[in-house]
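The values are calculated or read from the model by the stated rules, or taken from the named source; none is laboratory data. As the structure is a prediction and not an experimental result, all values here were calculated from the model. Every residue, glycine among them, receives a Cβ derived from its backbone with ideal geometry; neighbour counts consider all protein chains shown.
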Amino acid sequence: MAYCRQVAGAAEAGAAAADAFARFRVAVVAAGDTMSLNPEALLISATRTSAAARTHTGAQGDCAAVPALLAARAERTIAAEELERLNSHLEQCWACRAPVERFKAAERAYRDPPEKTVDPALTTQIVAALIAAVPPAPPPEAPSPSPSPSPNDSAEQAAGAPDAPVADHASEHVAAPGTAAEPGDPDASAGATSEPAVTADARSQRRAKGQARGPTTRVAAAIALPRRAPGPSRGAGSGRRR
C-alpha cells in the first residue's frame with residue numbers, strides 16, 4: 001500500500017494495491033510449483049507494475065510511457081533500446097524527473113512501510129480482487145453411497161454362479177470282484193459282486209431241495225420196484241439132498 005501511494009497517489013493507492021495482489025495470485029496459480037517461486041520478488045514485481053499502470057500524469061507521447069519504463073527498469077526486464085529511450089527522454093524532460101523520484105521513494109516505503117496496519121475497507125477490496133482474479137475451486141463432491149444389493153439380485157447372482165465340482169468317490173468304494181464288501185458301506189454293497197456269496201446261496205437252496213425231496217423219492221422208488229414172490233422156505237422143500 002505504501003508503494004502504491006507513493007507512485008499512483010492516495011486516490012489510486014487502494015485500487016493499485018488490490019490489483020497488485022490479484023496479479024500475484026494469478027502468477028502463483030500459473031506457476032503450479034510454489035517451491036520454485038520467490039513470493040517476495042513476485043509480490044514487489046506485481047506491485048511495481050500495478051502502481052505504474054495506475055499513474056495518471058495526463059502527459060502525452062514519451063512522457064506517458066515513463067512510469068511503465070521506470071517499473072521495467074526496476075525489474076531489470078527493460079530492453080536495451082527501451083532503456084536508451086528512457087535515459088534520453090529523462091535528460092531532456094524535466095517534468096518526467098518527478099516520477100523518477102516517486103519510484104525511488106516507493107522502493108524505500110515498500111521495505112519500511114510507515115503504517116503497520118491495513119484499513120478494513122482496503123482488506124475487503126484486496127480480498128475481492130483476489131477472488132475475482134482466480135475463483136476458488138469448488139469443493140469435491142462427496143462420493144455417492146453404493147446401493148445395497150436387493151434380495152432379488154443376490155438370488156440371481158447365486159443362480160448364475162457355476163456349481164462347485166462334486167468329487168465322484170463311488171469308484172473308491174466299489175469292491176474288486178471276488179472280495180467281500182465292507183460292512184456299513186452302501187456304495188460298496190451296491191456296486192460290488194461277490195461270487196462266493198452267490199455260490200453259497202445256490203448250494204444252500206439245492207441242499208434244502210434235496211432234503212425236502214429225499215424221503216419222498218426213496219418211498220416212491222420203493223413203491224415203484226416190483227416185489228419178488230417169496231420162495232419156498234428151506235423147511236418146506238422136497239428135502240435135503242443127500
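Filtering the stretch 99-117 down to residues that are out of contact with any helix residue (DSSP H, G or I) (no Cβ under 7 Å at 6 or more places or on another chain) and basic (Lys, Arg), which residue is nearest to Arg73 (Cα to Cα)? By that ranking, first place goes to Lys104. Quick one: in the stretch 70-101, of everything that is of a type in the set (S, T, N, Q) and over 60 Å from the mean Cα position of the chain (by Cα), which residue is farthest from Ala41 (Cα to Cα)? So, considering only residues that are of a type in the set (S, T, N, Q) and over 60 Å from the mean Cα position of the chain (by Cα), the one farthest from Ala41 (Cα to Cα) is Gln92.
When the stretch 59-83 is filtered for residues that are among the β-branched types (Val, Ile, Thr) and either closer than 9 Å to Arg48 by Cα or surrounded by 15 or more Cβ atoms within 10 Å (Cβ to Cβ) (or both), the ones remaining, listed by number, are Val66, Ile78.
Please return the ranges of helices (runs of 4 or more DSSP H) entirely within the stretch 1-116 where 2 or more residues are farther than 21 Å from Ala128 by Cα, charged (D, E, K, R) and modelled with pLDDT of 90 or more.
So the answer is 62-75, 80-92, 97-111.
If the condition is being over 20 Å from Met1 (Cβ atoms) and acidic (Asp, Glu), then the stretch 24-46 contributes only Asp33.
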